[in-house]
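**Q** I'd like to ask some things about the structure below.
The values are calculated or read from the model by the stated rules, or taken from the named source; none is laboratory data. In this text, all values refer to a predicted model and were calculated from it rather than measured experimentally. All Cβ positions, even for glycine, are placed from backbone atoms using ideal geometry, and neighbour counts span all protein chains on display. The accessibility values were calculated without ligands, DNA or RNA, using every heavy atom of the protein model including side chains. Shrake-Rupley method; radii C 1.70, N 1.55, O 1.52, S 1.80 Å.
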Amino acid sequence: EGRATPSGHPDLMWFGAGGKELTDEDWHDSSQHTLQMWIDGSDVRSHTRAGDQLNDSSWLLVLHNGPDTDVTLADVGHLELVLDTGTATGRPEAALHLSGGSTVQLRECTLWALRAR
């Protein structure tokens, strides 16, 4: 929704391959092959059937549909790679802990799911 959260970030933000927030022009640029989506889990408003508030992690999803490339992660804090569709199993090849703003290499047509630490 883009609403403010206790972390100070909106609950949903969009970034490009350079790690910068997307502009209106970026959304219409057909040369873009990478999209990053920050989902801030600090302000979940859902509840269990018992009425208890749910808690969730914050996530950075990196979706890439082009050839192998370098991507600068959005500067959203410390991250742990949990899913890498560039591997045969979807598991990361090695434990990977990164800081937002880091530059990484993505394989062609890959989705990364990084959980905020």
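**Q** Being open to solvent by 70 Å² or more (accessible area, probe 1.4 Å) and over 26 Å from Arg3 (Cα atoms) is the requirement here; does Glu25 meet it? Outline the logic, then answer.
**A** Values: open to solvent by 70 Å² or more (accessible area, probe 1.4 Å): yes; over 26 Å from Arg3 (Cα atoms): no.
Against the criterion (open to solvent by 70 Å² or more (accessible area, probe 1.4 Å) and over 26 Å from Arg3 (Cα atoms)), Glu25 does not qualify.
**Q** Still on this structure: Please state which of the following conditions Ser99 fails to meet, knowing it meets all the rest: (1) closer than 25 Å to Ala4 by Cα; (2) of a type outside the set (Val, Ile, Thr); (3) surrounded by 13 or more Cβ atoms within 10 Å (Cβ to Cβ); (4) modelled with pLDDT of 85 or more.
**A** Only one criterion is unmet by Ser99, namely (3).
**Q** Among the residues of the stretch 102-115, is there at least one that is of a type outside the set (Ser, Thr, Tyr), within 21 Å of Arg3 (Cβ to Cβ) and part of a loop (DSSP other than H, G, I, E, B)?
**A** Checking the stretch 102-115: not a single residue is of a type outside the set (Ser, Thr, Tyr), within 21 Å of Arg3 (Cβ to Cβ) and part of a loop (DSSP other than H, G, I, E, B).
**Q** Could you list all residues from the stretch 33-46 that are of a type outside the set (A, V, I, L, M), surrounded by 13 or more Cβ atoms within 10 Å (Cβ to Cβ) and over 17 Å from Leu73 (Cβ atoms)?
**A** Going through the stretch 33-46, the residues of a type outside the set (A, V, I, L, M) turn out to be 33-34, 36, 38, 40-43, 45-46.
Narrowing further to those that are surrounded by 13 or more Cβ atoms within 10 Å (Cβ to Cβ): 33-34, 36, 38, 40-43.
Selection gives Gly41, Ser42, Asp43.
**Q** Now a separate question. Given (1) surrounded by 15 or more Cβ atoms within 10 Å (Cβ to Cβ); (2) free of Cβ contacts under 8 Å to residues at least 12 places away in the same chain, where does Glu80 come up short, assuming only one miss?
**A** Tallying (1) surrounded by 15 or more Cβ atoms within 10 Å (Cβ to Cβ); (2) free of Cβ contacts under 8 Å to residues at least 12 places away in the same chain, Glu80 fails exactly one: (2).
**Q** Does Ser30 satisfy being at pLDDT below 95 and surrounded by 12 or more Cβ atoms within 10 Å (Cβ to Cβ)? Spell out how you get there, then give the answer.
**A** Working: at pLDDT below 95: yes; surrounded by 12 or more Cβ atoms within 10 Å (Cβ to Cβ): no.
Answer is no for this residue.
**Q** For Ala17, indicate whether it is open to solvent by 50 Å² or more (accessible area, probe 1.4 Å) and out of contact with any Leu (no Cβ under 8 Å at 6 or more places or on another chain). Spell out the reasoning first.
**A** Numbers: open to solvent by 50 Å² or more (accessible area, probe 1.4 Å): no; out of contact with any Leu (no Cβ under 8 Å at 6 or more places or on another chain): yes.
Spelling it out, it is not the case that Ala17 is open to solvent by 50 Å² or more (accessible area, probe 1.4 Å) and out of contact with any Leu (no Cβ under 8 Å at 6 or more places or on another chain).
**Q** Test Thr34 against the criterion of being of a type in the set (Val, Ile, Thr) and in contact (Cβ under 8 Å) with a residue 60 or more places away in the chain, and give yes or no.
**A** Numbers: of a type in the set (Val, Ile, Thr): yes; in contact (Cβ under 8 Å) with a residue 60 or more places away in the chain: yes.
Criteria met by Thr34.
**Q** Further question on the same structure: Have a look at Ala116, Ala95 and point out the one that is hydrophobic (A, V, I, L, M, F, W, C) and free of Cβ contacts under 8 Å to residues at least 24 places away in the same chain. Break it down into steps so the answer makes sense when it comes.
**A** Details: Ala116 fails: free of Cβ contacts under 8 Å to residues at least 24 places away in the same chain.
Residue meeting the stated conditions: Ala95.
**Q** Pick from the stretch 58-77 the residues that are under 17 Å from Asp11 (Cα atoms) and aliphatic (A, V, I, L, M): which of them is surrounded by the fewest Cβ atoms within 10 Å (Cβ to Cβ)? Full working, then the answer.
**A** Filtering the stretch 58-77 down to residues under 17 Å from Asp11 (Cα atoms) leaves 58-62, 74-77.
Pick out the ones that are also aliphatic (A, V, I, L, M) and you get 60-62, 74, 76.
Values: Leu60: 23, Leu61: 14, Val62: 23, Ala74: 24, Val76: 22.
Going through the qualifying residues, I end up with Leu61.
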